[in-house]
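Worksheet for the structure shown next.
Since every read-out is calculated from the coordinates, none of them should be taken as a lab result. Quick caveat, the model's predicted, so the values are computed rather than measured. All Cβ positions, even for glycine, are placed from backbone atoms using ideal geometry, and neighbour counts span all protein chains on display.
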Amino acid sequence: MYRALGRSGIPLLIAVFTLLPLRTEAQVLEWVSASGPVQHIRIDGRDYLALPVQQARRQLFVMDSLRLELRTLRQELAAKDSLIWILEKTNRRYARHVGLQDTLLARTEQLYRGYRELYQRTLALTGEPWLSWSGGIGAVRDADTGDVVPVFLLGVSVKRLSLWGFLNRRQSGFLFGVTQPIRLPWP
């Protein structure tokens, strides 16, 4: 018939204003105070509160409601903690992914600059020079004698414009022209 209630640490006695038959052997019952329907009594030096049954049931109902609400709030807190953990884990994964993307972008930029430099060097090696010279030897038929005589050819080119000079023992002259490469599609 005894029931402990409350957080104050004082055991509460639930009764209808009457206590169960008290053992008479060395028990001391002392009425300490009464405030309304609540009676404060002391039995063998321990404090008790005697409450009406309706008030005790109301107190128990409130306590059960509070316990149920506390359990619900703890479950909500656990769910929210779980959600926070999942979000933090996702955030770490996203941060790692962004870091990998930054690394890949830096590497891609480095490769792009390297290939662009390689293209520029290849173009410089295979492209048209700014200044070049050319030379050659050939033969012409002499109009007076009908003999074949050697002719020497020497030329200078600036980009695609060229100037050639030729000479042999009786003739000399020059040629001016433009050089245009023939570009065939590469298979």
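Given a Förster distance of 22 angstrom, what is the FRET efficiency for residue 176 paired with residue 131, based on the Cβ-Cβ distance and rounded to 0.05?
0.85
Evaluate the distance, in nm, between pseudo-label points positioned 7 Å from the Cα of residue 122 and of residue 64 along their respective Cα→Cβ axes.
Taking the simple label geometry, residue 122 and residue 64 are separated by 8.5 nm.
Work out the charge dipole of region 131-178 with +1 on the Cβ of Lys and Arg and -1 on the Cβ of Asp and Glu about the Cα centre, then indicate which of 154, 133, 166 is farthest towards its positive end.
The one lying farthest along the dipole's positive direction is 133.
I want the local charge near residue 83. Using Cβ-Cβ distances under 13 Å, sum +1 for each Lys or Arg and -1 for each Asp or Glu among the other residues.
Values: positive: 80, 89; negative: 76, 81, 88.
In short, -1.
Based on the Cα atoms of region 95-187, what semi-axes does the equivalent ellipsoid have, where each is the square root of 5 times one gyration tensor eigenvalue, given in whole Å with the largest first?
Each semi-axis is the square root of five times an eigenvalue, giving 56, 12, 9 Å.
Shape verdict for region 43-138, please, from the Cα gyration tensor: rounded (a/c under 1.5), prolate (a/b greater than b/c) or oblate.
Prolate shape, in that a/c is at least 1.5 and a/b is the bigger ratio.
Classify region 131-178: rounded, prolate or oblate, from the alpha-carbon gyration tensor (a ≥ b ≥ c, eigenvalue square roots; a/c under 1.5 rounded; otherwise prolate if a/b is larger than b/c)?
Because a/c hits 1.5 or more and a/b exceeds b/c, region 131-178 counts as prolate.
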